[in-house]
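The values are calculated or read from the model by the stated rules, or taken from the named source; none is laboratory data. Note that the structure is a prediction, hence the values are computed from the model and not measured. Cβ placement follows ideal geometry from the backbone for every residue including glycine, while neighbour counts extend to all protein chains displayed. For the accessible areas, the whole protein counts, side chains as well, though only heavy atoms, and no ligand, DNA or RNA atoms are used. Shrake-Rupley method; radii C 1.70, N 1.55, O 1.52, S 1.80 Å.
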Amino acid sequence: MRVESAESRRRYEGLGTESTTTYRRSGRPKGLRHSEKLGFYAEHESLEVTRRCPRLLPHSLVDTNTNVRDLSEKAYTALEAQLHPNFLNKVCLDEHGGIDRIGELWEIERVLWFVVLLVSVVFNVGQILVMDWPVIRLTFWSSTHSEKSFEQDAAKENLGLDIFEHMDPVFRKQFFTLLVISGHFEILFLLGYCLQIVYEMCLFMRINSEFRAYSAITTVFQVLLPELSTFSSVALLKAVHPILIFQDYEDVMRESVFSIWGSMPPRLWFFVTRAVFAVVGLSAFATKMLYASFTLLTPRFNPFFRWACVAAFLNQSLFVVKFERVLQDRVFLLIYGGGDAEYQDEERALRNAYRCRLAKQIWQELWDRGERMKALIMLGTLNHYDLQRLLIIEDDHLHNVDRMEDP
């Protein structure tokens, strides 16, 4: 349902067939403000919009005994004969965002994935505390500040350092230094994540703004919990990933709280934090790799504990970059970024509004009807596949009619 004023409707219809076609292809018709281009208007008059989907391949090309390679060749030949071939066969966007079809996304498998998420959070947080808390405690409460005493106390804390007795003292000192640095960063970030979860939940329960409330609950289930499931100091390296760093820079410049003071404060914040994250992340990677190796080589530890340390290091290394987050961002960039594949401020605002609207729809359809656990599971397991199912529609009736019309 598109909401628009009568004046906006007349201006849109006055563009004619040619401009309307340009609008559908590029998303940027001439003569409309940006908010009107994307279908958001001030007044609230409803206009029913027909959803049109392009036809499938001609039915005569489809053969049950044809494999994909042969079908691809037939499709290429058929489309090559057309002056303006339609390669976007099933791309039919739902301008309502599919929020009326949230209930179709529920599957029982989501319970399993939500349990996996919670178990991963507990496992990762427990591994961080087992490894880092003794180091931090020794840093502040060691009997003396000498290196020898620190090493002796560390051995008492079962840090898996037996092998250090046969290593160079300089190397031992460097390792302990890196261990202390990465440990402190991990504990501070872990504490920060926990405090942010509490803060966001308080916002959700108490704030009057619907946007900020549902933005808070989205942040908890879509950002903070997945981060806690794989976080370590090694994850700081994602901030300097060559593929993601430019997008992060754009996000900081456009959405950071420092942006209200001009361009220099957010730019300075970005480069300083990235330099720190690169140093700490590299140090943490070296430290954790050595720690996992030395723990595995220490026979006095339980075999389960030794391999759990290796598994934890593998888990933290594999998910330095959250691919689910990257894929969701790519879906949104395709939908809202336009032909230039770059967000404008209005497009960022619409993307954020859509995310919050999804969270509100889930909450109203499930939580308010008593299905509270199902609501939490949906919020925690919403992924890029779900976004594609919501944003792209397939009108089977129209497809069947098109096939019947093919000679």
Restricting attention to the range 355-394, report how many residues are in contact (Cβ under 8 Å) with a residue 24 or more places away in the chain, in a helix (DSSP H, G or I), closer than 13 Å to Ile102 by Cα and of a type outside the set (Val, Ile, Thr).
17
Return the total of residues in the range 319-341 being touching a residue at least 60 places away in the same chain (Cβ under 8 Å) and part of a loop (DSSP other than H, G, I, E, B).
6
Being out of contact with any Leu (no Cβ under 9 Å at 6 or more places or on another chain), over 22 Å from Arg372 (Cα atoms), at pLDDT below 80 and surrounded by 11 or more Cβ atoms within 10 Å (Cβ to Cβ) narrows it down to one of Ser60, Ser46, Ser72, so name that one.
Ser60
For the range 184-224, which positions are of a type in the set (Gly, Ala, Ser) and without any contact (Cβ under 8 Å) to a residue 40 or more places away in the chain?
Gly192, Ser209, Ala213, Ala216
Given the conditions (1) open to solvent by 50 Å² or more (accessible area, probe 1.4 Å); (2) more than 23 Å from Gly281 (Cα to Cα); (3) not aliphatic (A, V, I, L, M), report the number of the one that Cys194 does not fulfil.
(2)
Only residues that are open to solvent by 90 Å² or more (accessible area, probe 1.4 Å), touching a residue at least 40 places away in the same chain (Cβ under 8 Å) and under 19 Å from Phe189 (Cα atoms): list them for the range 251-302, please.
Leu282
Check whether at least one residue in the range 232-247 is in contact (Cβ under 8 Å) with a residue 60 or more places away in the chain, open to solvent by less than 20 Å² (accessible area, probe 1.4 Å) and out of contact with any helix residue (DSSP H, G or I) (no Cβ under 6 Å at 6 or more places or on another chain), and report yes or no.
yes
Would you mind finding the one in Glu371, Glu394 that is open to solvent by 30 Å² or more (accessible area, probe 1.4 Å), at pLDDT 90 or above and farther than 18 Å from Ser215 by Cα?
Glu371
Please state which one of Phe114, Phe140 is of a type outside the set (A, V, I, L, M), in a helix (DSSP H, G or I) and either modelled with pLDDT of 70 or more or open to solvent by less than 80 Å² (accessible area, probe 1.4 Å) (or both).
Phe114
Would you confirm whether any residue within the range 213-223 is under 30 Å from Ala308 (Cβ atoms), within 20 Å of the chain's Cα centre (by Cα), surrounded by fewer than 19 Cβ atoms within 10 Å (Cβ to Cβ) and not hydroxyl-bearing (Ser, Thr, Tyr)?
yes
Taking the range 312-323 and keeping only residues that are buried (at least 16 other Cβ atoms within 10 Å of the Cβ) and closer than 18 Å to Val116 by Cβ, one is left with Ala312, Asn315, Gln316, Phe319, Lys322
